[in-house]
Amino acid sequence: MKNLLLFCTCLIMLSACTQTPQQKDFPQTVELQPKATKKISNDLTIRFNTVLEDSRCPTGVQCPTEGNAEILLELNGSGPETVHLNTGGMFPKTERYNSYTITLQELKPHPVPGGNIDEGKYIAVLVIDLESSGE
């Protein structure tokens, strides 16, 4: 009887370690600085590699377009994949990976007139959502 109880306890603990992500745990908002990595689940780890460009219109300046900031992410889970996400409306803001959607919600800070942003000061605000099984 003791062995059966021990076996059942181990089985429950093992299943808890390998559970797939639950819809109720999403969406998640994650903030990452360049070179930082965040493990979302067993099948998704996100690394914010770098800011590739930042041509966004500075605060308080009138520009003909909003500009764009582009970041490079590395996604890992079922295999590594590099993706480019953007802030500008004409460029992709969202990427699908495994059963997730990763969206660049914002890149902070916003440029100011005459100021350069040190790469280490950037923060990518990402929204990670789990696609529902009905999609």
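The values are calculated or read from the model by the stated rules, or taken from the named source; none is laboratory data. Note that the structure is predicted; figures quoted are calculated from it, not measured. Positions of Cβ are backbone-derived with ideal geometry, glycine not excepted, and every protein chain shown enters the neighbour counts.
A few points about this structure:
- Residue match in segment 18-40 (condition: of a type outside the set (Phe, Trp, Tyr), in contact with a Pro (Cβ under 9 Å, 6 or more places away or on another chain) and either at pLDDT below 95 or within 27 Å of THR101 (Cβ to Cβ) (or both)): yes
- Close pairs from segment 71-97: first farther than 29 Å from CYS57 by Cβ, partner surrounded by 13 or more Cβ atoms within 10 Å (Cβ to Cβ) and among the polar types (S, T, N, Q), Cβ under 6 Å, at least 6 apart: ASN76/THR45; GLY77/ASN98; SER78/ASN98
- Residue in segment 94-102 that is surrounded by fewer than 14 Cβ atoms within 10 Å (Cβ to Cβ), of a type outside the set (Asp, Glu) and either part of a loop (DSSP other than H, G, I, E, B) or modelled with pLDDT under 95 (or both) present: no
- Filter result for the condition that a residue is assigned to a loop (DSSP other than H, G, I, E, B) and touching a residue at least 40 places away in the same chain (Cβ under 8 Å), over THR59, THR65: THR59
- Qualifying residue in segment 77-86 (condition: under 16 Å from VAL30 (Cβ atoms) and assigned to a strand (DSSP E or B)): yes
- Taken over segment 114-135, residues that are of a type in the set (D, E, K, R), at pLDDT 90 or above and over 14 Å from the mean Cα position of the chain (by Cα) amount to 3.
- Yes/no for VAL112 being out of contact with any Phe, Trp or Tyr (no Cβ under 6 Å at 6 or more places or on another chain), within 16 Å of LEU32 (Cβ to Cβ) and touching a residue at least 40 places away in the same chain (Cβ under 8 Å): no
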